[in-house]
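What follows draws every value from the coordinates through simple rules; no lab data is involved. Just so we're clear, the structure is a prediction, and the values are computed from it rather than from any experiment. Glycine also receives a Cβ, built like all others from the backbone with ideal geometry; neighbour counts cover every protein chain displayed.
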2 protein chains.
Amino acid sequence: MERKRWYEDACGAAHALDIVGERWALLVIRELMFGPRRFGELRANLPGISANILTQRLEGLEREGVVVRRKLPPPASVQVYELTPWGYEAEPIFQTLGRWATRSPTHDPTLPISNASLLLSFRTMIDAAKARGLGATIALRLGNEDYVARLADGAIAIARGEAEAADLRIAATAAALGAAIYGGAAFETLEAQGVLALEGDRALARRFATLFPLPEKADAPPPPA
Amino acid sequence: MERKRWYEDACGAAHALDIVGERWALLVIRELMFGPRRFGELRANLPGISANILTQRLEGLEREGVVVRRKLPPPASVQVYELTPWGYEAEPIFQTLGRWATRSPTHDPTLPISNASLLLSFRTMIDAAKARGLGATIALRLGNEDYVARLADGAIAIARGEAEAADLRIAATAAALGAAIYGGAAFETLEAQGVLALEGDRALARRFATLFPLPEKADAPPPPA
DNA sequence: CTGTATCCGTGTTGATACTG
DNA sequence: CAGTATCAACACGGATACAG
């Protein structure tokens, strides 16, 4: 029942790969970054993973101290998986990986995207200079999940939950909101298509859409001789 | 001849894993972070990799634009692998992975370590506050390779090559220098063991050894019920 | 509904041997 | 020294069956 293949290497990065280097492991953590999740939710947001692999990854991450498995108190009594405090500290890994990979010549932003991915990308890509001086609360409804984003001090904080008072409310699919923020799609177009709805301060929405510039693509190397 | 298993996911981190998520890929990049390397050098510093896997990874990384293969001009005429400019930009990935993993309850710093790993760890772990105001040039001979480390403005720059003038010269194995910096081993002990030699400013050596504090370990989670 | 266990076809990995 | 060829062991993904 032990892992057979580690890297026998004291390098910190190599040890990180011993923990999260197996296929799907890092994406499981990504889906847990905004709070506990049930098995079925994880599966739904990780297209292509099979149930047995998800079970194995959760077991491995639990053994390594990244994930804990909790049983909610009755009457819910469902089991959920949650990151440990150290597990939550993995967020910078997604930010550096994401920032680097968006400069890849082969990155395709039109593929499906999960709520967690999109929200993590906001925290990765926010331009502190452009967001400075902007304070606002934005309620996001992505699919059937509610999140609250608070802009302050050039940074963005995001948590699950419903906002009592918000300057702006956006209801959309993750793909539609991603198209607005990263694809340059106009909110009006997306509203006309019925994939996005705004309520509240529409000028704030337009400014919000400018806060997350994508880095330039790296040059493609010369083709191999 | 294409990859069959990607993640169909627009998430930047997922795309990064499409590029560098295969076993060994990231460690190959690590070994290239300080300049071009030959096939055999890579193999020697990646204990456990087999030749065919190294070939496949280099091919894949070349396809993705991370690595280029160059033929040195005669009379050397040997082939070397080198990171592209974008490939060199992967360094923050090692830093975040390394910083996170050193807090793992299961990290074992006594395993073998390559020159590249140790030097990357210096750039990851340097404490800017402790290094501020310190300017120095240190020549490092690790095994049979020469590097120059320059401390300035609280940061450390490291490059391959021999230093004409240096305040301090350290000759050691990577393991021995790691023991001095991270394991608290005294330089005198290591010199007596014949695994390390100092020349020049010994007070600088002692101060150098304090510049790279390891983060605290994360709490081990409760054992599963 | 939430997982877990098992089987199976396929692709990936790794050790050894081998060729230029 | 730099890689290729072969083959055995393993990991993955899909399907299905099963337990609480």
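For the reader, a short list of remarks on this structure follows.
- Contact order normalised by residue count of chain B, Cα under 8 Å, 6+ apart, percent: 15
- Summed over qualifying helices (DSSP H, 4 residues or more, each -39500 (n - 2.57)) and divided by its residue number, chain B shows a 222 nm mean residue ellipticity of -10500 deg cm²/dmol.
- Shortest-first nm distances, residue B:70 label point to equivalent points in other copies (7 Å, Cα→Cβ): 5.3
- Gaussian network model of chain B, springs between alpha carbon atoms under 10 Å - residue of B:167, B:108, B:127 with greatest fluctuation: B:108
- For residue A:82, the point set 7 Å out from Cα toward Cβ sits 5.2 nm from its twins in the other copies, listed from shortest up.
- Here the chain B residue lying nearest the rotation axis onto A, judged by its C-beta and given with the distance in whole angstrom, is B:96, 2.
- Cα gyration tensor shape of segment A:74-136, rounded if a/c is under 1.5, else prolate or oblate by comparing a/b with b/c: prolate
- log₁₀ of I(q)/I(0) at q = 0.12 Å⁻¹ - the protein assembly as shown, Debye sum with one point per alpha carbon: -1.12
- Radius of gyration, Dmax [segment A:12-89; alpha carbons; angstrom]: 12.3, 43
- The mean number of partner chain beta-carbon atoms within 10 angstrom of a residue's beta-carbon across peptide B:21-30 is 4.
- The value obtained for segment A:95-208, namely the Cα convex hull volume divided by the number of residues, is 107 Å³ per residue.
- Dipole magnitude of the protein assembly as shown about its Cα centre (Cβ charges: Lys, Arg +1; Asp, Glu -1), debye to nearest 20: 320
- Distances in nm from residue A:159 to the matching label points in the other copies, shortest first (labels 7 Å along Cα to Cβ): 4.8
- When each of the peptides A:11-20, B:149-158 is scored by how many other beta carbons lie within 10 Å of its residues on average, the order from highest to lowest is A:11-20, B:149-158.
- For chain A, the square roots a ≥ b ≥ c of the C-alpha gyration tensor eigenvalues yield an a/c of 1.5 or more together with a/b not exceeding b/c, which makes the shape oblate.
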